[in-house]
Structure formats: C-alpha cells, structure tokens
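Novice: One structure follows; several queries about it will come next.
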Amino acid sequence: MNRDTVANVLTAGFRIVAIESVYLDIILSIHAVKPNNREG
C-alpha cells in the first residue's frame, strides 16, 4: 500500500500539530486538530 496519509489529513481540513515515526517510517502517529471557523 502506498498512501499519502499526511496529504489526506491536510485535505480534510486538519492542522497537523506533530508527526512521529512509530515503526521504521511505515507507521506514523499524526496529531492533528480541526481549526474552528474563527482560526480559519
């Protein structure tokens, strides 16, 4: 499988706070938040 998960998170409108490689750059831990309307 070849997925661009980070791009998908951004496309969904989330703001990425942190990305951590959990296992050999195959498994990523992505911490993202959905900005409210005031933050844009």
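Novice: Being touching a strand residue (DSSP E or B) at 6+ places or on another chain (Cβ under 8 Å) and either modelled with pLDDT of 90 or more or of a type in the set (S, T, Y) (or both) narrows it down to one residue among V17, V22; which is it?
Specialist: Numbers: V22 fails: either modelled with pLDDT of 90 or more or of a type in the set (S, T, Y) (or both).
Criteria check complete, one pass: V17.
Novice: Which number in (1) surrounded by 10 or more Cβ atoms within 10 Å (Cβ to Cβ); (2) modelled with pLDDT under 85 marks the one condition that V33 misses?
Specialist: Unmet for V33, out of (1) surrounded by 10 or more Cβ atoms within 10 Å (Cβ to Cβ); (2) modelled with pLDDT under 85: (2).
The values are calculated or read from the model by the stated rules, or taken from the named source; none is laboratory data. Here the structure is a predicted model, which is why all the values come from computation and not from measurement. Quick reminder, even Gly has a Cβ in these numbers, built from the backbone with ideal geometry, and neighbours come from all protein chains shown.
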